[in-house]
Amino acid sequence: MPMLLIADDHRLFADGLSFIIDYATNYRLAGVVHDGNDVLPFLQGQSIDLLLLDIDLSGQRGPEVAIQVRQSYPNVKILAISMLNDYDSVQTMLQAGAMGYCLKSAGKDELLAAISTVCAGEVFVSPSLVSVMINGSSILKISKNKALSLLTPRELDVLKTLATGKSITDIADALFVSKHTLESHRKNIYAKLDLHSIGELMSFVAKNGLI
C-alpha cells in the first residue's frame, strides 16, 4: 500500500487532504509537515512513495524541496499541488522533479486521479492547465542557450553548485575558492540572469535541465 506525505503550510487544506486520503483511498498517510525544511528530515525516518508538495511553503519553497528530494530520494514520486496556474510555476515544478501538477481548486475526483497517475509512474497535469502549458511554451522570454551563453565556464560551475542548497562555506571549499571570490561569482550570475534569490536560481537550474 503506497505511503503518502503531505507538505503544505495551509493547515486547513492539509487537514482536508488528509481526510480524503484516509477515508476515500487505499493509500496510507504517513504524516503531514507544514514547513519545507521538515521534508527531508521526515524522509530520513520514514519510507514514502509519494510526496504531495505545495509550492509556496514556509522555509524552503516547493521547487527547492523537489530538487533535494529527487537528489536524495529518487524513488519518491512528487505531485505538486498549488493554487498557482501559470506556465512558469508548472514548468518549474516539473523541471524540479515533480511528476504531476494538480490545482488546489480541483475536485476530489481529479485529485485522486492525480495521485493514482503519479503513483503509477506517469505524468499528470490538471486538464485546465493544458492550454496554459501550450501557450506558455510558445512565448518563453529567453532560451536556454541564450541565457547560459551569458555565463563563463566558471560561473556555470558556481551556478550548478549553488543550486544544491549547500552553505557558502561548503561551496567555496568544494570549488577551492575564497568566500569573497564565490560571492563575486554569485553577484555576477544574479546580474546576468536577472535572478534575485536562491529560490529563483534553483528554479532556473531545474527549468534548464542543469541538475
### GNM result for the chain, Cα springs below 10 Å: residue of VAL76, VAL32, VAL132 fluctuating most strongly
VAL132
### Message
Which residues among the range 66-108 fall inside the zone where the amide N is under 20 Å from a point 7 Å beyond the Cα of ASP194, along Cα→Cβ?
### Response
86-93
### Answer label, with Cα Rg over 2.2 N^0.38 Å calculated from the coordinates and candidates (i) 0.93; (ii) 1.07; (iii) 0.98
(ii)
### Message
Computing the accessible area with a 1.4 Å probe over protein heavy atoms, can you report the carbon and sulfur percentage for the chain?
### Response
52
### Query
Which value in deg cm²/dmol, rounded to the nearest 500, describes the helix-derived mean residue ellipticity at 222 nm for the chain, given -39,500 (n - 2.57) per DSSP H run of n ≥ 4 and division by the residue count?
-15500 deg cm²/dmol
### Task
Compare the peptides 174-186, 52-64, 152-164 by average per-residue count of other Cβ atoms within 10 angstrom and give them in order, highest first.
52-64, 152-164, 174-186
### Query
Order of 109-119, 188-198 by packing, highest average Cβ count within 10 Å first?
109-119, 188-198
### Message
For the pair ARG154/ASP9, report the inter-label distance in nm, with labels modelled 7 Å from Cα in the Cβ direction.
### Response
3.6
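The values are calculated or read from the model by the stated rules, or taken from the named source; none is laboratory data. Owing to the predicted nature of the structure, the values given are computational and were not obtained by experimental measurement. Reconstructed Cβ throughout: ideal geometry from the backbone, glycine too, with neighbour counts over all protein chains shown. Please note that ligands, DNA and RNA were not included when accessible areas were found on the heavy atoms of the full protein model with its side chains. Shrake-Rupley method; radii C 1.70, N 1.55, O 1.52, S 1.80 Å.
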